[in-house]
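K.L.:
Provided herewith is a single structure, encoded as structure tokens, for subsequent inquiry.
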Amino acid sequence: MTALARPTHGRMIGGVCAALAQRFGTSATTMRVVFLVSCLLPGPQFLLYIALWILLPSEEKAAGRAAR
């Protein structure tokens with residue numbers, strides 16, 4: 001599995017679904033569909049998405065940390 005970081009390419013909004021797809025070895029489209037279907041259920045999906053958007057580093061920042 002790869003490190004969890006938002007990719008610079010293949011993003012739709014914040015890159016959270018693309019990052020999760022890379023991490024778990026699925027396609028970004030599959031992860032986006034799973035997220036959209038989960039939004040039909042009660043729960044804090046949007047808040048979780050926003051929190052991951054804020055907390056996950058972009059690939060550029062993650063690569064800079066790894067180079068140190």
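The values are calculated or read from the model by the stated rules, or taken from the named source; none is laboratory data. Fair warning: this is a prediction, and the values are worked out from it, not measured in the lab. In this analysis, Cβ positions are derived from the backbone assuming ideal geometry, glycine residues included, and neighbour counts consider all displayed protein chains. What goes into the accessible areas is simple: the full protein's heavy atoms, side chains included, and nothing from ligands, DNA or RNA. Shrake-Rupley method; radii C 1.70, N 1.55, O 1.52, S 1.80 Å.
K.L.:
Quick check on my filter: what residues within the stretch 35-58 are within 17 Å of G10 (Cα to Cα) and out of contact with any strand residue (DSSP E or B) (no Cβ under 6 Å at 6 or more places or on another chain)? I'd like the intermediate steps shown before the answer.
P.N.:
Of all residues in the stretch 35-58, those within 17 Å of G10 (Cα to Cα) come to 35, 49, 52-53, 56-58.
Scanning the stretch 35-58 gives F35, Y49, L52, W53, P57.
K.L.:
All but one of (1) open to solvent by 70 Å² or more (accessible area, probe 1.4 Å); (2) in a helix (DSSP H, G or I); (3) touching a residue at least 24 places away in the same chain (Cβ under 8 Å) hold for L48, so report the exception by its number.
P.N.:
(3)
K.L.:
Being closer than 16 Å to K61 by Cβ and in a loop (DSSP other than H, G, I, E, B) is the filter; apply it to the stretch 5-43 and report the residue that is most open to solvent (accessible area, probe 1.4 Å). Please lay out each step first, then the result.
P.N.:
First pass over the stretch 5-43, keeping only residues closer than 16 Å to K61 by Cβ: 5-9, 11, 14-16, 18-19, 22.
Pick out the ones that are also in a loop (DSSP other than H, G, I, E, B) and you get 5, 7-9, 11, 14-15.
On the way: A5: 9, P7: 3, T8: 51, H9: 155, R11: 89, G14: 0, G15: 3 Å².
If we take residues in the stretch 5-43 being closer than 16 Å to K61 by Cβ and in a loop (DSSP other than H, G, I, E, B), then H9 is most open to solvent (accessible area, probe 1.4 Å).
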